[in-house]
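Right, one structure below, let's go through it.
Only the coordinates and a few stated rules stand behind these numbers; no lab work does. Just so we're clear, the structure is a prediction, and the values are computed from it rather than from any experiment. All Cβ positions, glycine included, derive from the backbone under ideal geometry; neighbour counts span all protein chains shown.
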Amino acid sequence: MSTRLRAISRGAQLAAFALIAGGSAASAQNKVGRSDLLVTTEWLAKELTNPKLVLLHVGEKGEYDAGHIPGAQFLRLQDLSTPMTRDEKVLALELPSPDDLRGRLERFGISDDSRIVIYWGNDWVSPSTRALLTLQYVGLGAQASILDGGLPAWKKAGRAVTTEVPAARSGKLSARPTVPVTVDADFVKAHVRAPGYTIIDARNTIFYDGPPSEHEAKPGHIPGSVNLVFEVPFGEDNTLLPEAQLRDVFLKAGVKPNDTIIAYCHIGQQATVIVFTAQTLGYKVKLYDGSMQDWKLRGLPIENSRKAAK
């Protein structure tokens, strides 16, 4: 797994933010690219003293406690989503209401003019991209990025970590239009095998192929979807593949240059890696937030790529 990126200029950020605040959230969201979505360790080191910087560490709590980037706050996905339950009939990891979500983000000190950077502690790439998508949804995508390579890259560059927890602070977020980064089952059904659309299953191939499994009551995938495992776009050092190589990954998976991508997985976490990496290439992309959990609960058709053994 991995992730990569550099920051956009302050002028570009403010211009994009103005578009979002002015009601053009969808078009602004579709214009992001690699340099909008990733920052380097060099860039972040220079920004640590920026009072508008909000730095979020995603990973295990013990990992955070052992050493994190100075000024970073610990973020759990449940801080930005509905709680996970053992009830499989209750959708996991759903987005809260916009008002609720703004309140949650304000508790991390996030305001209208914040510059937000997310990084993972070890290899929690998909929780980090899920957090970024949540920021995009609430209209903060123009000012939010992910640290290329996460904490391992920071340490590899010889930069300092700390065990000091920053003081709590409150932010202030104005109400703004949400950005349509997610779609529902009806949208997916309407675009199965539709020209100009590719549906990507981001789960590991064993789930896509659909072998018998005690964990999968109905194994297989959404009809017409292609499989691009969420780990593939990243190198072994947890950095995003070079652009040309990454573009080839999507083309080999069956995505045409001008396609709109609909990504899904088990519950809407792993697929955000595909959303993120597709955005770096300039694709229009949507997350099927309920993903296979929702699809199966609705009793919708499922394809199986592997024949049962005789």
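As I understand it, the value is the acute angle between the Cα axis of helix 243-253 and the longest principal axis of the Cα atoms of the chain; what does it come to in degrees, rounded to 10?
20
Given a cut-off of 29 Å, name the pairs among LYS155/LYS252; LYS189/LYS284; LYS89/LYS286; LYS156/LYS286; LYS156/LYS256; LYS61/LYS156 whose C-alpha atoms lie farther apart than that in the structure shown. Provide the component values of the computation, followed by the final result.
Working: LYS155/LYS252 34 Å; LYS189/LYS284 18 Å; LYS89/LYS286 23 Å; LYS156/LYS286 34 Å; LYS156/LYS256 36 Å; LYS61/LYS156 21 Å.
Correct reply: LYS155/LYS252; LYS156/LYS286; LYS156/LYS256.
Could you work out how much longer the chain between ARG169 and ARG76 gets when fully extended? Use 0.36 nm per residue separation minus the Cα distance between them, nm to one decimal. List each step's numbers first, then the result.
On the way: separation 93, 0.36 × 93 = 33.48 nm, distance 1.73 nm.
Taking ARG169 through ARG76 to full extension adds about 31.8 nm, to one decimal.
Just for the Cα atoms in the chain, what are the lengths along the principal axes, largest first, rounded to whole Å?
Taking max minus min along each principal axis of the Cα atoms, the chain gives 62, 42, 41 Å.
Once label points are set 7 Å from the Cα along Cα→Cβ at both ASN50 and LYS256, what is their separation, rounded to one decimal in nm?
3.9
Sticking with the crude label model, points 7 Å out along Cα→Cβ, report the distance from SER97 to GLN245 in nm, one decimal please.
4.6
Given springs between every Cα pair under 10 Å in a Gaussian network model of the chain, which of LYS155, LYS89, LYS172 has the largest fluctuation?
LYS89
Using packing as a proxy for protection, rank 190-199, 162-171, 145-154 so that the peptide with the highest average count of other Cβ atoms within 10 Å comes first. Can you show the working numbers first?
Details: 190-199: 15.0, 162-171: 11.4, 145-154: 24.7.
Per-residue mean Cβ counts within 10 Å order the peptides as 145-154, 190-199, 162-171.
I'd like to know which of CYS265, LEU91, PHE74 lies farthest towards the positive end of the charge dipole of the chain, counting +1 on Cβ of Lys and Arg and -1 on Cβ of Asp and Glu.
Most positive-ward Cα: CYS265.
Between ILE262, ILE206, ILE110, find the one with the highest GNM mean-square fluctuation for the chain; connect C-alpha pairs within less than 10 Å.
Residue with maximal mean-square fluctuation among ILE262, ILE206, ILE110: ILE206.
Where does helix 271-280 land angle-wise versus the long Cα axis of the chain, in degrees 0 to 90, nearest 10?
60
Taking the Cα centre of the range 182-297 as the origin, how large is its charge dipole in debye, to the nearest 20, when only Lys and Arg (+1) and Asp and Glu (-1) carry charge on their Cβ atoms? Display every interim value, and only then the final one.
Details: 10 positive and 14 negative charges, 90 e Å.
The calculation lands at about 440 debye.
Mind checking the angle between helix 10-21 and the chain's longest principal axis? C-alpha axes, 0 to 90 degrees, to the nearest 10.
Helix 10-21 and the main axis of the chain meet at about 60 degrees.
Taking every eigenvalue of the Cα gyration tensor of the range 242-310, multiplying by 5 and rooting it, what semi-axes result, largest first, whole Å?
Values: eigenvalues 128, 55, 21 Å².
Three semi-axes, in Å: 25, 17, 10.
In nm, what is the difference between 0.36 nm times the number of residues separating SER305 and TRP43 and their Cα-Cα distance?
Details: separation 262, 0.36 × 262 = 94.32 nm, distance 4.48 nm.
Length gained between SER305 and TRP43: 89.8 nm.
Testing the spin-label approximation: label points 7 Å from Cα along Cα→Cβ at MET84 and LYS155. State their distance in nm.
The modelled label-to-label distance comes out at 2.3 nm.
Rounded to the nearest 5, what % of DSSP beta bridges with both residues in the range 182-297 are antiparallel?
Working: 2 of 15 bridges.
Taking every DSSP beta bridge with both residues in the range 182-297, the antiparallel ones total about 15 percent.
Please give the charge dipole size of the chain, origin at the Cα centre, charges +1 on K and R Cβ atoms and -1 on D and E Cβ atoms. Round to the nearest 20 debye. Please list the in-between numbers first.
On the way: 36 positive and 33 negative charges, 100 e Å.
Charge dipole of the chain: 480 debye, to the nearest 20.
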